1. By average Cβ neighbour count within 10 Å, what is the ranking of 64-72, 262-270 from highest down?
2. Can you give the percent of C-alpha pairs in segment 156-285 whose distance is more than 25 Å?
3. Residue-wise, which Karplus ³J(HN,Hα) couplings in Hz belong to segment 52-67, taking 6.51 cos²θ - 1.76 cosθ + 1.60, θ = phi - 60°, and x for glycine or proline?
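Nothing in this text is a laboratory measurement; each read-out follows from the coordinates by a stated rule. Nothing here was measured: the structure is a model prediction, and the numbers come from that model. Because the Cβ atoms are built from the backbone with ideal geometry, glycine has one as well, and the counts that use them run over all protein chains shown.
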Amino acid sequence: MTRTGALNRPRVSDWLRWSIGVLILAGLAWQAVHLAQTMPSAPWPRNPLPVALSVVPAVLAFLAFAWSWIELAARDDWRSAGRLWFASLLARYVPGAVWQGAVRVAGARAAGTRVGRAVAQFASEQSLACASAALLALLLIGAGASLPDGLVPALAATAILAIAAPLLLSRRMPSVRWPSRAILAMATGHGLLAAGFALFVLGWHEGPLADALAFAQALLVAGLAGVLAVFVPAGLGVREGVLAWLLAPLLGPAEALAVALASRAWTTGCELLAWASWQWIAARR
């Protein structure tokens, strides 16, 4: 077998990661079905309109995330850079040696960027995403949302470490930095994605509209947990478990699990729509 074939063949550790994620999702799905049997009606969205509307800000959010990386990497060819970013986004689900970072680094290398710099840029982007999500979740506390005990200091520590990471990297690679436009695009993306998810959950929720802040905050925290759970592809199952835990006090256990599981399909669908939108814009320009 050639070296390329050996690299492309799924490794045992890759299948183990997928197995963990699938087992977590299966457990959540079984629990959702079990709890739904005790409810008078199935936990389906009562109002499809906010669910449909939620797609718009979510698609815009992923376009903003792509632009944030383009600014971080200082790429001039935004058309090909965007295609690379979306390809790497969906590569998180691939159970092989080619993961999100590997796709990004390979694409940057093909564009003439050194491997070390491409790795540093990917790490810088991930740290910016973690800092943005953590800080926005903390800011929502001031707006009226609340978090379980222990999560506030954990989010603060995550934000501090994420902000410190590029500062340490810049000592060895001065080109690795957070341009203001990259920060703005990342923060805008998280705000849009959180707002879209709040609309998504309102399809199930019949309580006060102010609970939308808690829904937005729950997505940010769960998404951050999924990014940090590097032992499963794309945070599979981990994000959904944290999301169901945070939503349960407002929706009830069965509906919280249903929303958490449905959110995976919602997120992936919005990623694909954003990718198609980027391709359409690139073709038009």
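1. Numbers: 64-72: 22.7, 262-270: 17.7.
Ranked by mean Cβ neighbours within 10 Å, highest first: 64-72, 262-270.
2. Details: 3179 of 8385 pairs.
Within segment 156-285, distances greater than 25 Å cover 38 percent of Cα pairs.
3. Ordered by residue, 3J(HN,Hα) equals 5, 5, 5, 5, 4, x, 5, 5, 4, 5, 5, 5, 5, 4, 4, 5 Hz.
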